[in-house]
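Each reported figure results from applying straightforward, stated rules to the coordinates on display, with no laboratory input. Bear in mind that the values here come from a model prediction, so they are computed numbers and not experimental data. A quick note on method: Cβ atoms are made from the backbone with ideal geometry, for glycine too, and the neighbour counts reach across all protein chains shown.
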Amino acid sequence: MNSEQKLRVDTLHQQLNLYNHQYYVLDQPTVPDAEYDRLMRELIALEAEFPELKTSDSPSQRIGGEPLKAFSQVTHQLPMLSLDNVFSEQEWQAFVKRIADRLNSNDTLKFCAEPKLDGLAVSLRYESGIFVQAATRGDGTTGENITENVKTIKSIPLRLQGDRFPDVLEVRGEVFMPKASFEKLNTEAIKKGEKTFANPRNAAAGSLRQLDSKITAKRNLAFYAYGLGHVETNGSATEGEQWLADSHYQRLCQLKQLGLPMCPEVKLLNSEDEVDSFYQDILTRREQLNYEIDGTVFKVDDIALQQRLGFVARAPRWATAYKFPAQEELTLLEDVEFQV
Ligand code: NAD
């Protein structure tokens, strides 16, 4: 390592911290995602080559951004993590090999395959089947309390269906704005001479992080569940877990039975040989889907294996986003609404 690399790492820290703030806190990115991803990958490569340059406050080790002070804060009982990503067949094979090495097994792995929805991660908390709280991911540990805003999303049940569920059930998923709603919103804004949103992801984030839930109510947001957070029965997480299936896919089906929306594209793949065709199929149909996606996500389906694999600093080892090639270099709109 020489001072040139140290200087480059410092510059990358500064740039990425600034872009993170603009994206996560202000909902107002100034560079395309592809540019952000390129800089992040450069930083990760430098940190891999020169481990002494990797610090705990590096953007590569952090999730999202600080929660906005305008909202009350929620501490997540289980952290809300990000996802690692791969961009090529070669990187995908490396991901599978890392799993096989860690499990010390070459057994065929089943994967739960899901579209990577381009919205905003939220955690919904149900107590005795009643919706009591919703929070954003924030920095992964602390998020914003957006309960009133989430209540306006009609597809999210305020009471779970049926009568068998853990006493406490935290559902993790993505709030997003369907493409048609996004286009309508921007068309109306242009007509009224108001500010427009850069893309559906920013529109969803800006709409959800409103201090006035009446505005959120008009925005036609949607939600798909993709996982679970803390569960508990009789004060015990172990008892809470007993209610749940031992397959990630089956758990999502359980959530669906309780009335939570599940993306219809989610599929259980019986071996990694099916991964490529799932990815290609979704990529081909990307334009026809009525919501924006930026890739696919593959999660080891067996919960016991997930637990054995565990987590690294900001993401689980048992899942990865297989991202699509950058679609566009994003024409950023100059005025992006920001209302908190
Ligand atoms: P990410 O968006 O790459 O992946 C993690 C997120 O994916 C989760 O938090 C969840 O919200 C979402 N997700 C969607 N579908 C999912 C599914 N089926 N299962 C699980 N999670 C699912 O990670 P991130 O840390 O939120 O953001 C990093 C990305 O954001 C970057 O790669 C970049 O593209 C973009 N970004 C852009 C800028 C910018 O300035 N343009 C700045 C920061 C981040």
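How long is the gain from ARG308 to ALA326 if the chain were fully straight, where each residue apart is worth 0.36 nm and the alpha carbon distance is subtracted? Extra length from ARG308 to ALA326 when fully extended: 3.2 nm.
Taking label points 7 Å from Cα along the Cα-to-Cβ direction, GLN90 and LYS154 give a separation of 4.9 nm.
Here the calculated FRET efficiency for THR30 and SER128, from their Cβ-Cβ distance with R0 = 56 Å, stands at 0.80, rounded to the nearest 0.05. In plain terms, the residue of ILE153, ILE99 with the fewest other Cβ atoms within 10 Å comes first and the most crowded comes last, giving ILE99, ILE153.
State which entries of LYS179/LYS218; LYS151/LYS299; LYS214/LYS267; LYS179/LYS214; LYS97/LYS323; LYS6/LYS69 exceed 26 angstrom in Cα-Cα distance in the structure shown.
Details: LYS179/LYS218 15 Å; LYS151/LYS299 29 Å; LYS214/LYS267 36 Å; LYS179/LYS214 21 Å; LYS97/LYS323 19 Å; LYS6/LYS69 33 Å.
Check vs 26 Å cut-off fails for LYS151/LYS299; LYS214/LYS267; LYS6/LYS69.
For the chain, with a Gaussian network of springs between Cα atoms less than 10 Å apart, report the residue from SER247, SER82, SER236 with the top mean-square fluctuation. Among SER247, SER82, SER236, the largest GNM mean-square fluctuation belongs to SER236. Note on ILE190 and LEU268: the model spin-label points, each 7 Å out from Cα along the C-beta direction, lie 4.6 nm apart.
For the pair segment 1-41 and segment 79-114, the centres of their Cα atoms are 26 angstrom apart. Using a Gaussian network model of the chain whose springs link C-alpha atoms within less than 10 Å, name the residue from THR147, THR30, THR11 with the highest mean-square fluctuation. Per the Cα network of the chain with a 10 Å cutoff, THR11 tops the list.
Going by a ≥ b ≥ c, the root eigenvalues of the Cα gyration tensor, does segment 1-141 fall in the rounded group (a/c under 1.5), the prolate group (a/b larger than b/c) or the oblate group? All intermediate terms of the calculation are to be shown ahead of the outcome.
Details: a/c = 2.00, a/b = 1.14, b/c = 1.75.
Here segment 1-141 falls in the oblate category.
Report summary: the helix-based calculation at 222 nm, which adds -39500 (n - 2.57) for every DSSP H run with n ≥ 4 and divides by the residues of the chain, gives -10000 deg cm²/dmol.
Taking 0.36 nm per intervening residue step and subtracting the Cα-Cα distance, what contour gain separates LYS97 from CYS253 on full extension? Numbers along the way, then the final one.
On the way: separation 156, 0.36 × 156 = 56.16 nm, distance 2.86 nm.
Value of the extension gain: 53.3 nm.
Only alpha carbons enter this Debye calculation for segment 3-62, each as an equal point scatterer, and the log10 of I(q)/I(0) it gives at q = 0.16, 0.17, 0.29 Å⁻¹ is -0.47, -0.53, -1.27.
Taking neighbour counts of Cβ atoms within 10 Å as a proxy for exposure, in what order, fewest first, do HIS13, HIS76, HIS248 appear?
Numbers: HIS13 17, HIS76 21, HIS248 27.
With the fewest neighbours first, HIS13, HIS76, HIS248 line up as HIS13, HIS76, HIS248.
Cβ-to-Cβ counts within 10 Å put GLU127, GLU144 in ascending order as GLU127, GLU144, the fewest first.
If the elastic network links every pair of Cα atoms under 10 Å, which of GLU265, GLU232, GLU183 fluctuates the most in the Gaussian network model of the chain? Greatest mean-square fluctuation among the candidates belongs to GLU265. Note that the chain carries a Kirkwood radius of 21.0 Å, evaluated over its alpha carbons pair by pair.
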